[in-house]
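All remarks here apply to the structure that follows.
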Amino acid sequence: MQFMLLFSRQGKLRLQKWYVPLSDKEKKKITRELVQTVLARKPKMCSFLEWRDLKVVYKRYASLYFCCAIEDQDNELITLEIIHRYVELLDKYFGSVCELDIIFNFEKAYFILDEFLLGGEAQETSKKNVLKAIEQADLLQETKEQKVKLSILH
Amino acid sequence: MPAPIRLRELIRTIRTARTQAEEREMIQKECAAIRSSFREEDNTYRCRNVAKLLYMHMLGYPAHFGQLECLKLIASQKFTDKRIGYLGAMLLLDERQDVHLLMTNCIKNDLNHSTQYVQGLALCTLGCMGSSEMCRDLAGEVEKLLKTSNSYLRKKAALCAVHVIRKVPELMEMFLPATKNLLSEKNHGVLHTSVVLLTEMCERSPDMLAHFRKNEKLVPQLVRILKNLIMSGYSPEHDVSGISDPFLQVRILRLLRILGKSDDDSSEAMNDILAQVATNTETSKNVGNAILYETVLTIMDIKSESGLRVLAINILGRFLLNNDKNIRYVALTSLLKTVQTDHNAVQRHRSTIVDCLKDLDVSIKRRAMELSFALVNGNNIRGMMKELLYFLDSCDPEFKADCASGVFLAAEKYAPSKRWHIDTIMRVLTTAGSYVRDDSVPNLIQLITNSVEMHAYTVQRLYKALLDDISQQPLVQVASWCIGEYGDLLVSGQCEEEEPIQVTEDEVLDVLEGLLVSNLSTPVTRGYSLTAIMKLSTRFSSVNRIKKVVSIYGSSIDVELQQRAVEYNALFKKYDHMRPALLERMPIMEKSASNGPTEIVQTNGETEPSVVEPKHLPPVTQPVNQANDLLDLLGGNDVVPVIQTTMPTKPASAGGELLDLLGDLSLSAIPPMTAYNKNGLKIDFTFERANPNPNIAVITIHASNSTEADMTDFVFQAAVPKTFQLQLLSPSSNVVPALNQGTVTQVIRVLNPQKQQLRMRIKLTYTLKGSPVQDLAEVNNFPPQSWQ
């Protein structure tokens, strides 16, 4: 996978994960163009499109578009499953996830993505294991904060 | 200073902004606060500030002043800091930034941290965006972690290694030992990432590929794992719609594909498992089809037995009938890849593919179109063409150009009859005429020229099409050209294929003149129609009308048109005797292999093709016919005809003025010679060597007439062997005065790069005392200095 974008139906970016090095300007340009292209697609069309020299796989979940750019030799159908798995993870974590959750907790959305994918490939195929890792890491956050609070008291 | 506002609060505030300007104001205010907070080196709230900055960055605002802060967060001991710091690094600090490398040390420390989640953060960051230098520095750490027993870290290290290898391919070797027992892991995460790592190594290095095939016996291992996945019962942890770990299955299949490609043994070892997966996988959901898709790709790429290949194509055929358009799309893509190798098998699904032409989805339509063209053959051409032409009528404009080109190609290859071919071309030109590619026009003209018996039919149909519609330029251009060539057939009503129409010369000229004045015609089209009108001067009798039209355009604003008109005018005035020969019917053309100038082959048995280089003359007509004349007269195989430049607009010393100037300076003292002396006409050659190019000899002919009467309409033509190039400039006059009272001079320039012996054949035509005289001669007595 080269990059993944999440954007709303109005074209507002909610998450961007880039697995290839590009300048900020290029990223903005790609984002703008791709968002435009995907938003222009009619509902009856298939989830794949050719864009520049890449294959783009996209799927809409409620008000959010999940869009991945994959390479020629990658399997489009399994990419749809990857997108679906990510949505499931978000859903389990936030409890019936909606766009607002991702807006207000964007950093958590990134953390979850980074436990699921690494360098554009899936690192863990078990839903349970991904969620467990996030849970533990979250605990680590709170633990440290608790420790700080305790030390201030002293 | 009050505590910086929380992230949630900022997001809420920004979302209340009603205009872009309002949002920008809020953002600027907050950025200023954050900047001063950074300046104060506030450790407590740095994390919160960077998080806010990242949010604003996502909205599109600049955040580069936070880069160093991310580094500070990464270096912090607090996990929360590191989490946000690494996230910020991944968003703001790609390898193009100067401070990117400053991360290296932090990452190195964190790779050895006591907490695995910190190690995980470091591995993730390195694996997503580490630069080549960073990868080089830290590859050793990654390799170490690849060998750990902690599966959480091992799987991340594997993907990190993939990234390192992509950035620094030379480092691949160092990861080899660590891969030894990767596949004996039980943990699916490790298995999956290991397969990805092995895939990357095998794809990049043929040596690695061979090693894994032979030494590691990778194929049996993968087959075993895949088998376990399929056979073992329900595994809740990895189940997706009843299928066990489809992600892993797909990756294994992909690795098998690479291992089995061009290798008989490996392909054999995986035959059974592939057949098993192909037949047993549940196809009701997308996930099953994803696995089948990958299986099909693998079967087609390896050396599978034919039964398996047929099975694969049939799976694709079933995909084509699936309700899910994504599946149909994928099927068409795969079929396109296999249509060359398994043509017959794909043919069986032709009707389904043709149905996909009517699909609503643009991508599916495009693929169906490409596939349909690939499936056209001699047997199905009529049926297929009907479908494709129907598609051409109704498809989106973005398809029309490709479709039209495809139709032309297919028609050319498989046309069952010439009539059918012409009809198909007509159909395309009339329905999609404006989308036809520019290069189709000369190709079509050539096709039409070569279908000799169809000329009358073709010109009639094209004429009728013009009467209906003159807006589609390619159609108009082809039609004008044909009318110019075959206008005589049109007015004489010679058509056999259909009812001949009654049309007069004036009507035809009306149409062509209409094209010239119409706003719809492009300059190129106007050029075509003017030339067509000119050609009709030798086919029609209303020459005066044509002369009038031509002379009007002699003052056209369009330079191209003006030049043509002036030249044609000159044809009428000074060179009228040449006009019939110049404008006669085009011979059959043979298509040259390259897209360059077409080679002309004489139909009377000449074997050597000659390449014609027209200069400034309207494409195709004049020089070709002149070349024909010379070929006629010269007959020999090794002689290249030359184009006589007869443009009155060009002064005698034009085109190569430099050479002329310098030619005068040289004094090589080559003796003059008499090239021809017969019946009172004497032609002398004088020589100059043209500096600075010693390969060019400049010859001036001097024609003198010792008879009692003037020789009028004097034309001198010359031809030289193939290794030479010759250029004739304009003569001083066409009249050689009687009794040696004057000479006609003309300059010839000969390029002789191979310094071969100069030979020339000349042809002389003139009128003496009312009778035309023509003579041919060979000139072989060139002095050696003229060509050495």
Requested in this report: Just give me the residues in the stretch A:76-98 being within 14 Å of chain B (Cβ to nearest Cβ) and either under 10 Å from the mean Cα position of the chain (by Cα) or within 26 Å of A:Q36 (Cβ to Cβ) (or both), in sequence order.
Outcome: A:E76, A:L77, A:T79, A:L80, A:I82, A:I83, A:H84, A:Y86, A:V87
**Report entry** Some residue of the stretch B:421-434 being touching a residue at least 60 places away in the same chain (Cβ under 8 Å), surrounded by fewer than 19 Cβ atoms within 10 Å (Cβ to Cβ) and either within 14 Å of chain A (Cβ to nearest Cβ) or over 24 Å from the mean Cα position of the chain (by Cα) (or both)
**Finding:** no
**Report entry** Any hit, the stretch B:318-333, residues being of a type outside the set (A, V, I, L, M, F, W, C), at pLDDT below 90, under 30 Å from the mean Cα position of the chain (by Cα) and closer than 28 Å to B:E412 by Cα
**Finding:** no
Report summary line: When restricted to A:L117, A:L100, A:L89, the only residue in contact with a helix residue (DSSP H, G or I) (Cβ under 6 Å, 6 or more places away or on another chain) and not hydroxyl-bearing (S, T, Y) is A:L89
Query - All positions within the stretch B:744-785 that are farther than 23 Å from B:P694 by Cβ and either in contact with a helix residue (DSSP H, G or I) (Cβ under 7 Å, 6 or more places away or on another chain) or polar (S, T, N, Q) (or both) - result: B:T745, B:R761, B:K763, B:T765, B:T767, B:S771, B:Q774, B:L776
Query - Odd one out for B:S394, checked against (1) under 29 Å from B:M454 (Cβ atoms); (2) modelled with pLDDT under 90; (3) within 21 Å of the chain's Cα centre (by Cα) - result: (3)
Query raised in the report: Is it true that some residue in the stretch B:195-211 is of a type in the set (S, T, Y), away from every other protein chain (no Cβ under 14 Å) and over 22 Å from B:Q119 (Cα atoms)?
Result: yes
Query raised in the report: B:L357: within 14 Å of another protein chain (Cβ to nearest Cβ) and within 27 Å of the chain's Cα centre (by Cα), yes or no?
Result: no
Report task. Collect the residues in the stretch B:247-283 that are within 17 Å of A:H84 (Cβ to Cβ) and over 39 Å from the mean Cα position of the chain (by Cα), keeping them in residue-number order. Result -> B:E282
**Report entry** Close pairs (7 angstrom Cβ cut-off, 6 or more residues apart or separate chains): within 17 Å of B:Q67 (Cβ to Cβ) in the stretch B:31-44, outside any loop (DSSP other than H, G, I, E, B) and of a type outside the set (A, V, I, L, M) anywhere
**Finding:** B:I34/B:N49; B:I34/B:K52; B:R35/B:F65; B:S37/B:N49; B:F38/B:N49; B:F38/B:E69
Query raised in the report: Can you find even one residue in the stretch A:31-51 that is away from chain B (no Cβ under 13 Å) and at positive phi?
Result: no
Query - Long-range neighbours under 8 Å by Cβ, at least six apart or interchain, first residue surrounded by fewer than 14 Cβ atoms within 10 Å (Cβ to Cβ) within the stretch B:506-531, second of a type in the set (G, A, S) - result: B:D506/B:S542; B:L520/B:S471
**Report entry** Criterion violated by B:Q77 - all others in (1) touching a residue at least 24 places away in the same chain (Cβ under 8 Å); (2) surrounded by fewer than 24 Cβ atoms within 10 Å (Cβ to Cβ); (3) within 13 Å of chain A (Cβ to nearest Cβ); (4) within 17 Å of B:I107 (Cβ to Cβ) satisfied
**Finding:** (1)
Requested in this report: Look at A:K59 and say whether it is touching a helix residue (DSSP H, G or I) at 6+ places or on another chain (Cβ under 6 Å) and within 11 Å of another protein chain (Cβ to nearest Cβ).
Outcome: yes
Requested in this report: Give the residues of the stretch B:306-354 that are within 16 Å of B:E294 (Cβ to Cβ) and away from every other protein chain (no Cβ under 14 Å), sorted by residue number.
Outcome: B:L308, B:R309, B:L311, B:A312, B:I313, B:R318, B:L335, B:T338
Requested in this report: Given the conditions (1) within 12 Å of chain A (Cβ to nearest Cβ); (2) closer than 22 Å to B:C106 by Cβ; (3) hydrophobic (A, V, I, L, M, F, W, C); (4) out of contact with any strand residue (DSSP E or B) (no Cβ under 8 Å at 6 or more places or on another chain), report the number of the one that B:V168 does not fulfil.
Outcome: (1)
Report summary line: Among residues of the stretch A:18-28 being touching a residue at least 12 places away in the same chain (Cβ under 8 Å) and facing another protein chain (nearest Cβ under 8 Å), the residue surrounded by the most Cβ atoms within 10 Å (Cβ to Cβ) is A:W18
Query raised in the report: Identify, please: which residue in the stretch B:120-156 is more than 10 Å from chain A (Cβ to nearest Cβ) and in a loop (DSSP other than H, G, I, E, B) and is, among those, surrounded by the fewest Cβ atoms within 10 Å (Cβ to Cβ)?
Result: B:S149
Query raised in the report: Restricting attention to the stretch B:96-113, which residues are outside any helix (DSSP H, G or I) and closer than 23 Å to B:T193 by Cβ?
Result: B:N112, B:H113
Query raised in the report: If a residue has to be more than 8 Å from chain B (Cβ to nearest Cβ) and touching a residue at least 12 places away in the same chain (Cβ under 8 Å) to count, how many in the stretch A:4-16 make the cut?
Result: 7
Query raised in the report: Conditions: (1) more than 22 Å from B:F572 (Cα to Cα); (2) more than 49 Å from the chain's Cα centre (by Cα); (3) not basic (K, R). B:S733 meets all but one. Number of the miss?
Result: (1)
Query raised in the report: So which of B:S417, B:S372 ends up being more than 25 Å from B:S471 (Cα to Cα), hydroxyl-bearing (S, T, Y) and more than 24 Å from the chain's Cα centre (by Cα)?
Result: B:S417
**Report entry** Residue under evaluation B:N43, criteria (1) part of a helix (DSSP H, G or I); (2) within 13 Å of chain A (Cβ to nearest Cβ), criterion not met
**Finding:** (1)
Query raised in the report: Among the residues of the stretch A:99-109, is any facing chain B (nearest Cβ under 7 Å), without any contact (Cβ under 8 Å) to a residue 24 or more places away in the chain and over 23 Å from A:K12 (Cα atoms)?
Result: no
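The values are calculated or read from the model by the stated rules, or taken from the named source; none is laboratory data. Keep in mind that this is a model prediction, so the values were computed, not measured. Glycine gets a Cβ as well: all are built from the backbone with ideal geometry, and neighbour counts include every protein chain shown.
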